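Values quoted throughout were computed directly from the atomic coordinates according to the rules given, and no laboratory measurement underlies them. The shown structure was predicted, so the numbers you read here are calculated from the model rather than taken from an experiment. Ideal geometry is used to build each Cβ from the backbone, glycine not excepted, and the neighbour counts take in all protein chains shown.
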Amino acid sequence: MNNPTGLPYTPVVRAGDWVIVSGQVGMVEGVLVAGGFDAELRQVLANLEARLAEAGATMADVVKTTVFLRHLNDYGRMNELYATAFPEPRPARSAIVAAELPLGALVEIEAWAHLA
């Protein structure tokens with residue numbers, strides 16, 4: 001499992017049957033994608049899926065997420081796009097408004113997956 005950010009943390013860790021993915025923002029090669037909230041969230045979900053795959057997990061294995069939003073008015077749109085990324089039953093989730101996110105991102109998601 002690699003660390004594309006070069007930052008002092010591990011983007012994904014496998015601990016027994018658990019896979020923990022650090023907060024993912026909508027960046028590609030260290031730069032936020034253009035296109036606003038929808039584009040960022042789609043990239044966040046793609047990055048999350050990629051990190052899970054590195055540890056042998058899928059979006060269907062995710063049991064808990066935490067979503068960090070820069071603006072509460074993005075909550076409804078986040079729900080619409082988020083719902084398309086996770087199969088039923090969807091993971092338990094918390095959503096938090098944050099004053100700032102890394103790289104000036106509009107959304108960040110961390111996840112816990114369980115491999116049976």
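Values as computed for the structure displayed
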| quantity | calculated |
| --- | --- |
| At most 12 other Cβ within 10 Å, DSSP loop - GluC sites (Glu not before Pro), region 1-78 | E29 |
| Among beta bridges that DSSP assigns inside the chain, antiparallel share in %, nearest 5 | 75 percent |
